[in-house]
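Peer 1: Take a look at this one; I'll ask things after.
The values are calculated or read from the model by the stated rules, or taken from the named source; none is laboratory data. Predicted model, so just to flag it, every value in this text is computed and none were measured. Cβ placement follows ideal geometry from the backbone for every residue including glycine, while neighbour counts extend to all protein chains displayed. Note: areas computed on protein heavy atoms with side chains; ligands, DNA, RNA excluded. Shrake-Rupley method; radii C 1.70, N 1.55, O 1.52, S 1.80 Å.
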Protein chains: 2
Amino acid sequence: MTGQVRTVDGRVAGRRGQETRQKLLDCLREMLSTSPYRDVKVIDVARMAGTSPATFYQYFPDVEGAVLEIAEEMAEDSGGLKELVEGKSWAGKTGAATSEELVDGFLAFWRKNDAILRVVTLGAAEGDKRFFKIRMKVLNSVVAPLTEAVRTNQGKTDKTIDPAAVAGSLVSLLASAAEHQKAFTSWGVKVKDLKPNLALQVYMGVAGKKPPK
Amino acid sequence: MTGQVRTVDGRVAGRRGQETRQKLLDCLREMLSTSPYRDVKVIDVARMAGTSPATFYQYFPDVEGAVLEIAEEMAEDSGGLKELVEGKSWAGKTGAATSEELVDGFLAFWRKNDAILRVVTLGAAEGDKRFFKIRMKVLNSVVAPLTEAVRTNQGKTDKTIDPAAVAGSLVSLLASAAEHQKAFTSWGVKVKDLKPNLALQVYMGVAGKKPPK
DNA sequence: ACTTGTCCTGTCATGCCGTCAGCTTACCGT
DNA sequence: ACGGTAAGCTGACGGCATGACAGGACAAGT
C-alpha cells in the first residue's frame, strides 16, 4: 500500500537501513516517555541508538517528523479498539459488562501509548492538522461505533439527544481520565473506583438508564 | 504575600524593571498562542519585546520558568470560577440555567487562556508537579463546589454514586471539550449544539435526572 | 558632581541544528 | 573473484540558541 520506505534524499531503504531507522524510532519512543517533549533532542536520540545525528536526518526531516511516524503507527494499532464496541450488546447485565470492557480496553490502550498520545494531543490542540487527524482516527475507532450504539439503544426513547454528542463526550471523558488519572486520585477517587465509575457513565450514556443490579 | 519581585541574581526589581519583565511575559503569552510550544525560543520573545536575550535571563531561569509565572497568574484568576457553582440552586428550571451558565463560564475561561492551559495540561500529563498543582488549582475551583452540589442534590437518592468522581468527570469533560472543540465539530456536533449538550450532561450529573421542559 | 543601586546589553564559550562531501559496506551481474 | 553501483554512515562545518558575565547607561538621592 504505502510504497517503499525512502530516505529524505530519495534513496530506497534496504534491510540494514530499515533496522537503524526502526532503532531510532524505538529510542525516540523511549525518550518521549522519560523526558519532556520540549527537551527531546536529535542528538540524544542518536546517541541512545548508537549512531550519529546525521544518520537521524537521513530518515526524518526533524524530531516532529519522526514523532508523526510513531503516531501513525499507533493510529493503525488503534483500529483494534473498534472490537470493544462493534457487535456488542448493551442490554441489561451484558450491557454493563460491555461497558466495563470498553473502559478497560480504552484505558489500557492509552496507558500503553501514553507518551506518544500526549504529544499527539498537544499537537492537535495547537491546531496542527496532521496531529489532529491522527487523534481523530484513534478516537473515531471508538466514537463511530459508539455513536451507532447510542442511536439504536437510547435514541428511540429520547429524540432530543444527539448520539454523536453523547458518544463524543464519553470518549473525550475516557481520554481525559486516561491522560490525567492522577487528578482523580487527588480528588479522592481511588484508582480501583475510577474504572467502575467511568463504566457506569458509559452505560448510562448509551442505555439512557441505570444498570440493573 | 509574595515578597517583592526579584531578578535571578537577587536584585529587587524597580519600576522600570517590572515593566520590562511584564512586557516579556506578555510577549511570551503571545508567542505561545501563535507558535508550537516546542518552537518558542528565548531569542524570539526577547526580540518581540524589543530587548535582548540576556535581559530575559535576568528575570527568568528559562522559558519554562516564565511559563510557570504566567500559569500561576492564570490560576489566581481561576478563583472566579467558583462563583459559577457556589450558592447556586440546582432545582428544576433554575438548575438548568445554573448548568448552562457554568458551561458558558468555564468554556469562556478556557478559551481566554487556551494557550497557557495547553502547556499546563502537557506539563501535568508529563508528570511535572508544578504544572500538575496549577492545573488542579484551576479545576478544583469548579470541582470542589460541584462535588458539594452533587452530594447534596443526588447523593440522597443514590448512595452508590461517588460525588467526587461525578464532579471530576464532568469537569474533565468540560476541559476536554474546551481544548478540543474541533473534534466535536468533526463528529457532526455543531458549535451551537455543543454547549446545550454539555449543559445537559452537567445537569443530569448533578441532579440525577433529566431537566424539566 | 558624586555615589549608589537598578537596568540593560555586548560578548563569549558552549552545545545543538541541519547539511554535505566522502568514506565504507553490501549486493549484484559477469 | 572482481568490479560496479547504490545503500549506509559519519566527520566536519556554518549557523543559531543558550546562558553567564562584566561593564556601561541611567535615574535618584546627597
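Peer 1: Exactly one of these conditions fails for A:P163: (1) more than 8 Å from chain B (Cβ to nearest Cβ); (2) free of Cβ contacts under 8 Å to residues at least 24 places away in the same chain; (3) open to solvent by 60 Å² or more (accessible area, probe 1.4 Å). Give me its number.
Peer 2: Of (1) more than 8 Å from chain B (Cβ to nearest Cβ); (2) free of Cβ contacts under 8 Å to residues at least 24 places away in the same chain; (3) open to solvent by 60 Å² or more (accessible area, probe 1.4 Å), only one is false for A:P163: (3).
Peer 1: Take B:E69 and tell me if it is away from DNA strand D (no atom under 16 Å from the Cβ) and open to solvent by 20 Å² or more (accessible area, probe 1.4 Å).
Peer 2: When the stated conditions are applied, B:E69 does not pass them.
Peer 1: To continue, here is another question. Residues that are more than 27 Å from B:T160 (Cα to Cα): list the helices (runs of 4 or more DSSP H) wholly contained in segment A:105-198 that include at least 2 such residues.
Peer 2: Numbers: elements: A:114-125, A:129-153, A:163-179, A:181-186.
Those helices (runs of 4 or more DSSP H) span A:114-125, A:129-153.
Peer 1: Between a residue in segment A:36-50 that is under 12 Å from A:K23 (Cβ atoms) and any residue that is basic (K, R) and within 12 Å of DNA strand D (Cβ to nearest atom), which pairs come within a Cβ distance under 6 Å, given they are 6 or more apart or on different chains?
Peer 2: These pairs meet every condition: A:A49/A:K23.
Peer 1: Which numbered condition in (1) modelled with pLDDT of 95 or more; (2) open to solvent by less than 10 Å² (accessible area, probe 1.4 Å) is the only one that B:E126 fails?
Peer 2: (2)
Peer 1: While we're on this one: Among the residues of segment A:166-193, count how many are more than 7 Å from every other protein chain (Cβ to nearest Cβ) and open to solvent by less than 10 Å² (accessible area, probe 1.4 Å).
Peer 2: Qualifying residue count, segment A:166-193: 3.
Peer 1: Can you report the number of residues in segment B:1-39 which are among the hydroxyl-bearing types (S, T, Y) and under 21 Å from the mean Cα position of the chain (by Cα)?
Peer 2: At the first step, the residues of segment B:1-39 found to be among the hydroxyl-bearing types (S, T, Y) are B:2, B:7, B:20, B:33-35, B:37.
Now narrow it down to the ones that are under 21 Å from the mean Cα position of the chain (by Cα): B:33-35, B:37.
So the answer is 4.
Peer 1: Taking only pairs six or more apart or across chains, which ones have beta-carbon atoms under 6 Å, a first residue in segment B:54-74 that is hydroxyl-bearing (S, T, Y) and within 16 Å of DNA strand C (Cβ to nearest atom), and a second residue that is part of a helix (DSSP H, G or I) and open to solvent by less than 50 Å² (accessible area, probe 1.4 Å)?
Peer 2: Final answer for the pair search is B:Y59/B:R21.
Peer 1: Here are some residues: B:L200, B:L146. Which one is open to solvent by less than 10 Å² (accessible area, probe 1.4 Å), aliphatic (A, V, I, L, M) and closer than 17 Å to B:E100 by Cβ?
Peer 2: Criteria check complete, one pass: B:L146.
Peer 1: While we're on this one: Residue check, B:T121 against (1) surrounded by 17 or more Cβ atoms within 10 Å (Cβ to Cβ); (2) hydroxyl-bearing (S, T, Y); (3) within 16 Å of DNA strand C (Cβ to nearest atom), all met but one. Which one?
Peer 2: Only one criterion is unmet by B:T121, namely (3).
Peer 1: Any idea which of (1) open to solvent by 50 Å² or more (accessible area, probe 1.4 Å); (2) touching a Ser or Thr at 6+ places or on another chain (Cβ under 9 Å); (3) away from DNA strand D (no atom under 15 Å from the Cβ) is the one B:T20 doesn't satisfy?
Peer 2: Here B:T20 meets the rest and fails (3).
Peer 1: Would you check if A:E100 is more than 13 Å from DNA strand D (Cβ to nearest atom), open to solvent by 60 Å² or more (accessible area, probe 1.4 Å), in contact (Cβ under 8 Å) with a residue 24 or more places away in the chain and of a type in the set (D, E)?
Peer 2: Yes: the conditions hold for A:E100.
Peer 1: Let me ask something additional. If we keep just the residues of segment A:34-53 that are aliphatic (A, V, I, L, M) and more than 18 Å from A:A115 (Cα to Cα), which is nearest to DNA strand C (Cβ to nearest atom)? Quick ask: steps written out before the conclusion?
Peer 2: Just the residues of segment A:34-53 that are aliphatic (A, V, I, L, M), to begin with: A:40, A:42-43, A:45-46, A:48-49.
The next check asks that each one be more than 18 Å from A:A115 (Cα to Cα); those that pass are A:43, A:46, A:49.
Values: A:I43: 4, A:A46: 8, A:A49: 13 Å.
Within segment A:34-53, the match that is nearest to DNA strand C (Cβ to nearest atom) is A:I43.
Peer 1: Could you pull out the residue among A:L107, A:L28, A:L81 that is within 16 Å of DNA strand D (Cβ to nearest atom) and surrounded by 17 or more Cβ atoms within 10 Å (Cβ to Cβ)?
Peer 2: Result: A:L28 is the single residue among A:L107, A:L28, A:L81 that is within 16 Å of DNA strand D (Cβ to nearest atom) and surrounded by 17 or more Cβ atoms within 10 Å (Cβ to Cβ).
Peer 1: Going by the conditions given, is B:K41 away from DNA strand D (no atom under 11 Å from the Cβ), open to solvent by 50 Å² or more (accessible area, probe 1.4 Å) and not small (G, A, S)?
Peer 2: For B:K41, the condition - away from DNA strand D (no atom under 11 Å from the Cβ), open to solvent by 50 Å² or more (accessible area, probe 1.4 Å) and not small (G, A, S) - is not met.
Peer 1: Test B:K209 against the stated conditions and say whether it is of a type outside the set (G, A, S), more than 8 Å from every other protein chain (Cβ to nearest Cβ) and out of contact with any helix residue (DSSP H, G or I) (no Cβ under 9 Å at 6 or more places or on another chain).
Peer 2: Numbers: of a type outside the set (G, A, S): yes; more than 8 Å from every other protein chain (Cβ to nearest Cβ): yes; out of contact with any helix residue (DSSP H, G or I) (no Cβ under 9 Å at 6 or more places or on another chain): no.
So B:K209 does not fit the description; no.
Peer 1: Additional query: Please go through segment A:84-142 and pick out each residue that is small (G, A, S) and within 12 Å of another protein chain (Cβ to nearest Cβ). Give the steps one after another, and end with the answer.
Peer 2: Within segment A:84-142, the subset small (G, A, S) is A:87, A:89, A:91-92, A:95-97, A:99, A:105, A:108, A:115, A:123-125, A:127, A:141.
Across segment A:84-142, the qualifying residues are A:A115, A:G123, A:A124, A:A125, A:G127.
Peer 1: For B:K209, indicate whether it is more than 17 Å from the chain's Cα centre (by Cα) and of a type outside the set (D, E).
Peer 2: Yes.
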